[in-house]
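Trainee: Please find one structure pasted underneath; my questions will follow.
Rule-based calculations on the coordinates, nothing more; no lab input. All of these numbers come straight from a predicted model, not from anything done at the bench. Note that each Cβ is placed from the backbone with ideal geometry, even for glycine, and that neighbours are counted across all protein chains shown.
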Amino acid sequence: MVAGIAVPMTLAYLSTPLIGIVDVAVIGQLGDAALIGAVALGALLFDFLGVSLNFLRSGTTGLVAQAMGAEDREAEAMVLWRALLLAFGAGLLVVVLHRPLLSAFLVAMGPSDAVATATRDYFTVRAFAMPLMLANYAILGWLLGLGRARVALVLQLLIGLTNVAGSVLLVMGLGYGVAGAAAASVFAELVTALAGGVVVMRALGRRPRPSLAAVLERAGFMRMVAVNRDIFVRSMLLIGTFSFFSAVGARFGDVTLAANALLLNIFLLGGYFLDGLATAAEQLTGRSIGAHYRPAFDKTVTLSVIIGGAMAALLALLALVFGDAFVYALTTAEDVRTAALAFLPWAAMTPIAGALAFIMDGIYIGATWSAMMRNMMIVSTLVFLAVWAVAVPAMGNHGLWLALLVFLGARGVTLYLAVPSRANATFGAAG
């Protein structure tokens, strides 16, 4: 059962980093470190906004899986409609406020003038994808909560492949630069949202139709907000830590910023492999909670940790063996290549450092233990800042990577240690 969900979702999630990797790779062929850094920063801001609202995916999965475990078909449908309403509202708000958000971000990050100008070109276009991206989050979360991993795979592959084709055409073929890369992302989100809408309408046709009053019921919305409030805080701290990582790298210069941006793609690739397994854990955990069946929960935790550890070790080995070729494929800038290779061993260790955190995220999201996720994220962020304060003055960018690895490891360990007490509170100490 774990493999049946994890394998297609691993393939599906791998399409997501392709969006950022293809943008970086296509722009990287132009041989300009400033443009590479601009795409990295523009994507980072977009991801900051997207990840802060990622509860529309993760929270939806947990709630739908629990409704499925309890065999409440009407609740399954209402979770989707509420998530879509929140998605469109939040997305439109970002579109309206995208200029001041971008200005504040650039002040905080402190890039060079060349990077800042190109970042504006990239983000100003891509911001219009936000309502579509959040709607796709909601649809994806709903499908995953129902265990429909293969359908989710098709939609994720659609967005990835559409973006690849669009980026190559608009940047390499028509010469639109960073704005072309951003436009390709907007088009990919639109195509996927339309396809996802067709899938959803067909699936809803076999379920009870809740009334509009039931969907708009205040208590129902407040429950969704309450479940996801702490996921929002957790997500903000997570992307805030990565933003801080990029900001510190930017202060080392455009070359270091670009090198770190390339190497973070190794972490993203490893993370999306592990996210497939985490998604299986979400769905199976939610179902076990909804059915109130402790043995299924315990088995999900054990198998997920074992498989995740083995997968992380393999990913780290692959990064060490093929990392040089990966860096050379992403950019032709020799100074960026040299810097990236110097820090490659740190990036190769990110799957091992972060594996337990990915798995625990899946367990906690499926169980909707959001308050504990928030608390352990706060602890881990403080640990990151403590290591940064000591290591960066002594080791420079090497110290920055060390702080990131410690942060990833602290998240996983703190969440894992809290599982027994949370499970006893949920199922009862006797199981």
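Trainee: When you have a sec, figure out the Kirkwood radius of the range 121-177 from all distinct Cα pair distances and drop it here in Å to one decimal?
Mentor: Across the range 121-177, the inverse of the average 1/r is 13.0 Å.
Trainee: Oh, and also: Assuming a ≥ b ≥ c are the square roots of the Cα gyration tensor eigenvalues, decide whether the range 223-286 counts as rounded (a/c under 1.5), prolate (otherwise, with a/b larger than b/c) or oblate.
Mentor: Oblate shape, in that a/c is at least 1.5 and b/c is the bigger or equal ratio.
Trainee: Please list 265-278, 313-326 highest first by mean number of surrounding beta-carbon atoms within 10 Å per residue.
Mentor: Packing order, densest peptide first, comes out as 265-278, 313-326.
Trainee: For Ala291 and Leu417 in the same chain, what is the full-extension length gain: residue separation times 0.36 nm, less their Cα-Cα distance, in nm?
Mentor: Taking 0.36 nm per residue and subtracting the Cα distance, the gain is 43.0 nm.
Trainee: Tell me the Kirkwood hydrodynamic radius of the range 104-216 in angstroms, computed as one over the mean inverse distance between distinct C-alpha pairs.
Mentor: The answer is 16.1 Å.
Trainee: Measuring from centroid to centroid over Cα atoms, what is the spacing of the range 274-336 and the range 382-431 in Å?
Mentor: 17 Å
Trainee: Divide by every residue of the chain the summed helix terms, -39500 (n - 2.57) for each DSSP H run of at least 4, and state the resulting mean residue ellipticity at 222 nm, rounded to the nearest 500 deg cm²/dmol.
Mentor: Calculated at 222 nm, the ellipticity per residue is -30500 deg cm²/dmol.
Trainee: Which whole-percent values make up P(r) of the range 174-333 when all C-alpha to C-alpha distances are grouped in 10 Å steps starting at zero?
Mentor: 8, 17, 33, 26, 13, 3
Trainee: Tell me, rounded to the nearest percent, the portion of alpha carbon pairs in the chain spaced more than 40 Å apart.
Mentor: Every Cα pair in the chain considered, those over 40 Å come to 13 percent.
Trainee: Let me ask something additional. For the range 276-365, what value does the Rg/Rh ratio take when both radii are computed over Cα atoms and Rh is the Kirkwood radius, given to two decimals?
Mentor: Over the Cα atoms of the range 276-365, Rg/Rh equals 1.19.
Trainee: Measure nothing but the geometry: give the 0 to 90° angle between the long axis through the Cα atoms of 98-109 and the longest principal axis through the Cα atoms of the chain, rounded to 10°.
Mentor: Rounded to the nearest ten degrees, it is 60.
Trainee: Right, another one. Dipole size in debye (nearest 20) for the chain around its Cα centre, Lys and Arg Cβ +1, Asp and Glu Cβ -1?
Mentor: Dipole size: approximately 1220 debye.
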